[in-house]
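Structure first, commentary second.
The values are calculated or read from the model by the stated rules, or taken from the named source; none is laboratory data. Remember, predicted model here, so these are calculated numbers, not experimental data. Please note: Cβ atoms are built from the backbone with ideal geometry, for glycine as well, and neighbour counts cover all protein chains shown.
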Amino acid sequence: MSRTDSFLAPAAAATLLRWALGAVFLAHAYAKLFLFTLPGTAQFFEAHGFPGWTAYPVFIVELLGGLALLTGFRSRWVSLGLIPVMLGALKPHLGNGWMFSSAGGGWEYVAFLIAALAAQALLGSGLYSLDEVTGKSSGAPRSA
């Protein structure tokens, strides 16, 4: 592997992770809005000990966070900002066991998303990002 390749691979990995996380958070926002509806999501939150109104800011954070990750806008900060949302998502899943396929969904998927967000925060935005265009990315350098 050449010196340039050794710098490009981490940046490409950061990009792939960022796109995957962005898609997941957009899918979660979509589900809250169109599948469960926001009032239904609020009822779910209340059933698990959260104030129902918190469903609305969580929806907005997931929507804007997903878009920010897809575009590579402040990926480090967005990733860190999404971690508390996912820590809250652990609460309804903790008592259901490890596997997400368990009744009620286990906590493995939520825990993985927390780890992936932490990795994204450490890696930066990678390639093809608004951060790269604006010079705000502090991810892996692209060349020697």
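Structural remarks
- Residues being of a type in the set (A, V, I, L, M), surrounded by fewer than 19 Cβ atoms within 10 Å (Cβ to Cβ) and closer than 19 Å to GLY105 by Cβ - total across region 25-51: 4
- Among the candidates THR71, THR54, the residue that is surrounded by 13 or more Cβ atoms within 10 Å (Cβ to Cβ), farther than 27 Å from THR134 by Cα, out of contact with any strand residue (DSSP E or B) (no Cβ under 7 Å at 6 or more places or on another chain) and of a type in the set (Val, Ile, Thr) is uniquely THR54.
- Candidates are the residues of region 100-140 that are assigned to a loop (DSSP other than H, G, I, E, B) and either of a type in the set (Asp, Glu) or at pLDDT 90 or above (or both); the one that is surrounded by the most Cβ atoms within 10 Å (Cβ to Cβ) is SER125.
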